[in-house]
Structures are given as structure tokens and as C-alpha cells.
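For reference, the structure I am asking about is given below.
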Amino acid sequence: MLRITLPLPRQVTPAPTISRVAIIGGGFTGATLARLLALHGQYWPHEIVVFEPRAHLGGGLAYDTDDPSLRLNVAAHRMRAVPGDPQAFLRWLSDSGRLGQDPGAVAKGAIYARRGDFAAFMAGQVQPFIDNGTVRHLRERAERIHRRHGRWQIEGDVGAMVQADAVVVATGHPPPTPPAELASHLNGDPRFLLNPSQPDALQAIRANDKVVVVGAGLTALDVVAALRNGGHRAEITLLSRTGQLPQPQAAGDFAPHGDFLIGVPNTALSLLKQVRFALEEVTEAGLPWQSVFDALRHQGQAIWRALPFLEQQRVLRHLRRRFEAHRFRMPPQIAELVERERAAGRLRSCAGRVAAVRSGRAEIAIDIATKPYGTVERHAGQWVIVVTGPDHGNVIDSQGCFAELEGLGFLTKDPHGLGIACDPDSRALARDGHPVEHLFVAGPLARGAFGELTGVPEIAAQAERIVQQILGMSSATTRTITIRSM
Ligand SMILES: Cc1cc2nc3c(=O)[nH]c(=O)nc-3n(C[C@H](O)[C@H](O)[C@H](O)COP(=O)(O)OP(=O)(O)OC[C@H]3O[C@@H](n4cnc5c(N)ncnc54)[C@H](O)[C@@H]3O)c2cc1C
């Protein structure tokens, strides 16, 4: 039978402009997007749907914990979580009584709140909009996202099916990929823990079990704090390539120092020179070096934009590790714990590469070719915990819904391996390099385009810009024409 598609409009319908937005992921980024969209209620008669399997919006991987030993890495007054109201969290801490219930919060003259308290604050920010029906929280993982008749269709893992005009991907930090040598020997071994932030993940570890932690960043120190808080007493060894632990926060309040936007550096080397110069200046002035890294963070997006692609790669290759150890700093409470544990000989760190792994009945032994001399050291423990940091380069393959979108040409990997490629307006870049209509990438996954996009203030600012775009599209007065085929 001959089927002919008539090139004439049979039916003219009002535009399906942005009447529904689906947000994939309801951590800090997703919750902020939902709240900001909902705040424009007068213009927004339809739903904002958030796919998030966790019980509450706003916590995400970073803050969804009730472990009181896990604290924010940044002082409460610097969190600036709510656009237009930078002190909202600080005020809430005291008004809600949470600060009064947390005697260990104040250290070095600032408040380092419990992470769970920040999650409760964020949940409270979005709850009124869930209560009035503007925001719908679907407790499901998005499993499939595809295009149908000009709209996005999102399918959840528990059966939800949502049609939306715009989708914002806000799934945050993907899981780490363990070093191949470890994975090939230990995958499937119950003593090999890949997801220590999951509730009860550390519960089976007994007080006298020795633990080897692979990774030495802030998440590794979280593991140390959580274990000690749970009564663990035995030796913990941190293995990493450089052996460098995050630096501590400085005492007191100080302004960021250094203007990297005058004569913006356009090579990795000129950036390094400017940083060294600023560090000399603060040393002479008796200011903390942390002030220079705060300035770098504040100006980070403009610095990143000014660097050509190859220089961005050089920054990542040569400066990233050192930068991150100084940029992502440990709160004073954790710094004290680390000092105490090291002095007692119960916390050690070792720099090098995994050379061999032997998995015995009683212990797992890991041989490390140490830096700088290449001698081999053996570290053994009853447990091996991997905290090598999120594998942002693998994010598309880590989720079926992204792999499918990539297959259809709607998503591409960021060429630096930092997440998902997007343009300066946060629109996902298609396989052909063009921005995809109504598909946005929010939060740390968009770092390749922005450089600095990990901390709360920067994410909140990006969410605000995405919301402005979506609202702008919603008020568009275009019309679409539906053409039916016979
Ligand atoms: C342990 C930790 C501590 C941190 N501490 C600080 C701090 O003190 N200060 C600061 O400024 N920054 C901190 N950060 C940085 C952090 O990146 C941001 O603050 C921010 O929380 C990132 O939020 P997010 O929502 O993008 O990601 P996440 O917190 O990773 O949340 C993403 C959410 O997406 C959900 N999700 C994933 N896949 C799907 C799917 N397919 N369908 C539905 N939902 C999905 C997950 O369940 C998760 O809840 C910290 C980060 C970490 C990891």
C-alpha cells in the first residue's frame, strides 16, 4: 500500500512551548533549579518534575548523610546557596536551632556545619513548592530519555513516564572507576568497597580491621572521619599517586587576593606565573595563601574561558592536582582529626602506583611502587575502599539514559573528559557540534565549558542562568504546525 505524507498542514496547534520541565537528579543542583523555576509561579502554570530516587530533594551525593562527623568543607557564611540571599543558610542554622545542637560547629572563628544540616536546609527551600504542587518529586531514576513528536520523553526505573518540553541533566558526580590493577583482582570481593557514601556501607568494618583507602582527597578524609566516628580504631592507610592530602582552611575572615582578569593569562605558564606572583604578595603582606586560591576560584570561569583549548589541556595535565589540593580544603575539624591520627601513628599515607595485588583469606595486600624512588611497599588490610574521585570522563557510559542520548546524537562527551559537552548557555552539544534545543546540562557535569563549577555558589549562579533561559522560552509566542501523514 502506498503511503504518502501530505506536505500540507491539517491542523494548527498552539505552541508546545516550555510548559513542563524535567530535571534529572535532585541534589543541590536539581533542587535549586526546581526552586528557582517554581519561584516564578505567576508565569508557570504547569509542572516541574524532578527525577530523584532519594527521599528528599537538595541533599544529593554531597550532603545526604546523617553522619554528624561529616561537615561542609566551606564555612557556612561562604556557602551562598540561595541566589539573592547569600546569608540564608547561616540565618537558617541559627533560626532552626541546628547550630545550638551542634557544639562542634565553630572552629577557627567560623561555622563549619554538618552536611546533613545543609541537606535539611535545602529540602526546606523546595518543600513549599512540592506541597503546593508546582514541583513534583518522582522517586525514580531516569532510565531512558528520548525524543518523541518534538518533546522529550523520560522513563523512570519504577514505571513513571513523563513528557517534557525541556530537560535539564543535573546528575552530579558519577562513581569512581577503580584503578584497573585493583579492579581486575578485587571486583566482586565483598571487602572491596566502591561506594562508601552509601548508607551502612562501612558498617561491616570491625573496630580492629585494618583499612586501605585508595585516594587521598576530601572523600578519603570523609571515610577516615566516618570510621573513627563509628568506633573504628585500627590503622588506616591512604594510597594515592602524590600522597598529597587536601590543605586546611585558614583561620579568620579575609578577602580573596589577586586580580587575574587584568591581562587575563592565556597560557598555562602565564597563569602559573601570575599565581606565584600573587602568592609572593600575600606572603609579604602576612595574608593566608588561601586568599589567592579563593580569588582563582571566583575568577575561575573567566580565566578558563580566556585559555585556548590546548592551554586548558595543559592546565589540566600540569596544574590540576596541585590546584585541587589547595582549592578543595578540609574543614578545621577534619584537619585536627588528621593531625591527631597521624601523630598517633594510626593514619598513614603513601604515594605511588599499584604494582601488584594479592587477595588472601585474611587480608588483601597491595604492593605500591612508591614515589620518587620506585621501591615497593606492601600495604595490607581487611578492607580496600576506593575513593579516587568521580570519573567524569565516563559519565555518559555510566548511565543508560545518557548512552542512549549519545547514540541518538543528542549528547557528547566533553573533550577534556570533564563531563558532558555544552555551550556557554549550558545547552548540550549534539554530535554535529550544534546546541540541542531544550536540553541543558547543569552542575559539575558542565565543568568542561565553565572550568570552575563544583562549589555551591557557582552552581547556584549557573542554575539561575538556565532558569532565565527556560522562562524566556516559555514566554515565546511561536506556533507549531502538526503535519499528519496518511
Ligand atoms: C562529598 C562532597 C562534599 C562536598 N562539600 C561541598 C561543600 O562543603 N561546599 C561546596 O560548595 N561544595 C561541596 N561539594 C561540591 C558539590 O559538587 C556541590 O556542592 C553540589 O552538591 C553538587 O550537586 P549536584 O546536585 O550537582 O550533584 P550530586 O550531589 O552528585 O547529586 C546528584 C543527584 O542526582 C541523582 N541522580 C543521578 N543519576 C540519576 C538518574 N539517572 N535519575 C535520577 N536521579 C539521578 C543522584 O541520586 C543524586 O542525588 C561537595 C561534593 C561532595 C561529593
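Quick check: residue separation of Ile262 and Gln87 times 0.36 nm, minus the Cα distance between them. What number comes out in nm?
Fully extending the segment from Ile262 to Gln87 adds 60.0 nm.
Mind giving me the FRET efficiency for Arg361 and Asp391? R0 is 30 Å, r the Cβ-Cβ distance, nearest 0.05 is fine.
0.45
If you don't mind, there's one more thing I want to ask. With charges only on Cβ, +1 for K and R and -1 for D and E, what is the dipole size of the chain about its Cα centre, in debye, rounded to 20?
The dipole of the chain has a size of about 580 debye.
Could you give the alpha-carbon Rg of the chain over 2.2 N^0.38 Å, rounded to two decimals?
Computed over Cα atoms of the chain, the ratio equals 1.05.
Rg to Rh for the stretch 268-327: what is it, with Cα atoms only and Rh by Kirkwood?
0.97
Still on this model: Output ³J(HN,Hα) for the stretch 93-109: one whole-Hz value per residue in order, computed from phi by the Karplus curve 6.51 cos²θ - 1.76 cosθ + 1.60 with θ = phi - 60°, and x for Gly and Pro.
4, 7, 5, 7, x, 5, 5, x, 8, 10, x, x, 5, 8, 8, 6, x
In terms of modelled amide H atoms, which long-range or inter-chain residues lie less than 5 Å from the amide H of Arg136?
Under 5 Å from the amide H of Arg136 lie the amide H atoms of Ile48, Val49, Val50, each far enough along the sequence or on another chain.
Once R0 is set to 51 Å, what does the formula 1/(1 + (r/R0)^6) return for the Cβ-Cβ distance between Arg139 and Lys273, expressed as a FRET efficiency to the nearest 0.05?
Rounded to the nearest 0.05, the efficiency is 0.50.
Related question: Using 0.36 nm per residue, how much length does the chain from Asp425 to Asp66 gain when fully extended, once their Cα-Cα distance is taken away?
Difference between extended and current length: 125.7 nm.
When the helix-only estimate is applied to the chain (DSSP H runs of n ≥ 4, each -39,500 (n - 2.57), divided by the residue count), what is the mean residue ellipticity at 222 nm, nearest 500 deg cm²/dmol?
-9500 deg cm²/dmol, from helical runs alone.
Could you run the Karplus curve 6.51 cos²θ - 1.76 cosθ + 1.60 with θ = phi - 60° over the stretch 303-319 and give me ³J(HN,Hα) per residue in whole Hz, x for Gly and Pro?
4, 4, 4, 6, 8, x, 3, 5, 6, 4, 5, 5, 4, 5, 6, 9, 10
To one decimal place, what orientation-averaged projected area in nm² is obtained for the convex hull of the Cα set of the stretch 186-321?
11.4 nm²
So what's the gap between the Cα centers of the stretch 241-312 and the stretch 161-234, to the nearest angstrom?
Centre-to-centre (Cα) distance: 30 Å.
Check the straight Cα-Cα distances from Lys210 and name the lysines below 27 Å, setting aside those fewer than 8 residues away within the same chain.
Within reach: Lys371.
Count the DSSP beta bridges whose two residues both fall in the chain, then state the antiparallel fraction as a percent rounded to the nearest 5.
DSSP beta bridges in the chain are roughly 50 percent antiparallel.
Using the crude model of +1 on Lys and Arg Cβ and -1 on Asp and Glu Cβ, and no other charge, please compute the dipole size for the stretch 268-327 relative to its Cα centre, in debye to 20.
380 debye
Reachable aspartates and glutamates from Lys273, Cα under 15 Å, same-chain residues fewer than 8 places away excluded?
Asp259, Glu281, Glu311
Multiply the residue separation of Ala183 and Thr375 by 0.36 nm, subtract the distance between their alpha-carbon atoms, and state the gained length in nm to one decimal.
Value of the extension gain: 66.8 nm.
Nearest 0.05, what FRET efficiency do Asn132 and Lys108 give at R0 = 41 Å with Cβ-Cβ as r?
Taking R0 as 41 Å, the efficiency between Asn132 and Lys108 is 0.50.
For the stretch 110-191, with equal point scatterers placed on the C-alpha atoms only and solvent neglected, what are the log10 I(q)/I(0) values from the Debye formula at q = 0.13, 0.17, 0.23 1/Å, to two decimals?
Here log10 of I(q) over I(0) equals -0.76, -0.96, -1.13.
Residues with amide H under 5 Å of Ala380's amide H, sequence separation 5 or more or different chain, H placed in the peptide plane at 1.01 Å from N; which?
Amide H neighbours of Ala380, under 5 Å, 5+ apart: Ile366.
From Cα coordinates alone, what are the radius of gyration and Dmax values for the stretch 25-150 in angstrom?
Cα-based Rg and Dmax for the stretch 25-150 come out at 16.0, 57 Å.
Bear in mind these aren't lab numbers, they're just calculated from the coordinates by the rules spelled out. What you are looking at is a predicted structure, and each value in this text was computed from that prediction instead of being measured. Cβ coordinates were reconstructed from backbone atoms using ideal geometry, including for glycine residues, and neighbour counts include every protein chain displayed.
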